[in-house]
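Peer 1: Once you've had a glance at the structure underneath, I'll fire off some questions.
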Amino acid sequence: QVQPVESGGESVQAGDSLRLSCDTSRYTDKYYCLGWFRQAPGKERDAIAALYTTGDSEYYATSVEGRFTISRDNAFNTLYLQMDNLKPEDTAMYYCGSCRQYPPVGNDFWGQGTQVTVST
């Protein structure tokens, strides 16, 4: 698989919004889902949102439900993560990539990630 390219991460204040983007235009291999994962220092990389091509149409981790929204453009070139009402606990490195299963499990074809830091 072609490595995705994440962008949009910044240092922001609690309550702010950010929109992350992932270039998926060069994906050619078949996949079951595309998702966003995040990893905080000393923690595991956890799925936070995903879109599915079959079965469940979307997934959100409980911690971001109602605040984050995952979407794709109509040309299927870009995966987005709209993040509203950011909290300090959202601070992490954010990655996108293809996935499988429900809840989603990454296929280990990640980009470089984009850092999101939320301060009080």
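The values are calculated or read from the model by the stated rules, or taken from the named source; none is laboratory data. Keep in mind that what you see is a predicted model, and the values were worked out from it rather than measured. When we count neighbours, we look across all protein chains shown, and the Cβ atoms used for this are built from the backbone with ideal geometry, even at glycine. These area figures cover heavy atoms from the full protein model, side chains too; ligands, DNA and RNA do not enter into them. Shrake-Rupley method; radii C 1.70, N 1.55, O 1.52, S 1.80 Å.
Peer 1: If R₀ is 35 angstrom, what is the calculated FRET efficiency for the pair residue 73 and residue 120, using the beta carbon separation as r and rounding to 0.05?
Peer 2: 0.55
Peer 1: Carbon and sulfur: what percent of the chain's accessible surface (1.4 Å probe)?
Peer 2: Values: 2880 of 6450 Å².
In the chain, the share of accessible area belonging to carbon and sulfur is 45 percent.
Peer 1: Next question. If the chain between residue 13 and residue 45 were fully stretched, how many nm would it gain, using 0.36 nm times the residue separation less the Cα-Cα distance?
Peer 2: 9.2 nm
Peer 1: Would you mind working out the accessible area per residue for the chain, using a 1.4 Å probe, and quoting it in Å²?
Peer 2: 54
Peer 1: Convex hull volume of the Cα atoms in region 55-98, per residue, in Å³?
Peer 2: In region 55-98, the Cα hull volume divided by residue count equals 99 Å³.
Peer 1: At a threshold of 8 angstrom on Cα-Cα distance, excluding pairs fewer than six apart, so keeping six or more, what relative contact order does the chain reach in percent?
Peer 2: The normalised contact order for the chain reaches 37 percent.
Peer 1: Moving on to the next point. If the chain between residue 108 and residue 63 were fully stretched, how many nm would it gain, using 0.36 nm times the residue separation less the Cα-Cα distance?
Peer 2: 13.9 nm
Peer 1: Take the Cα coordinates of the chain, assign each an equal point scatterer, and use the Debye formula without solvent to give log10 I(q)/I(0) at q = 0.11, 0.13 Å⁻¹.
Peer 2: -0.31, -0.44
Peer 1: A further question on this structure: Given the options 41, 104, 88, state which has the largest fluctuation in a GNM of the chain using a 10 Å cut-off (strictly under) for Cα springs.
Peer 2: Result: 41 has the largest fluctuation of those listed.
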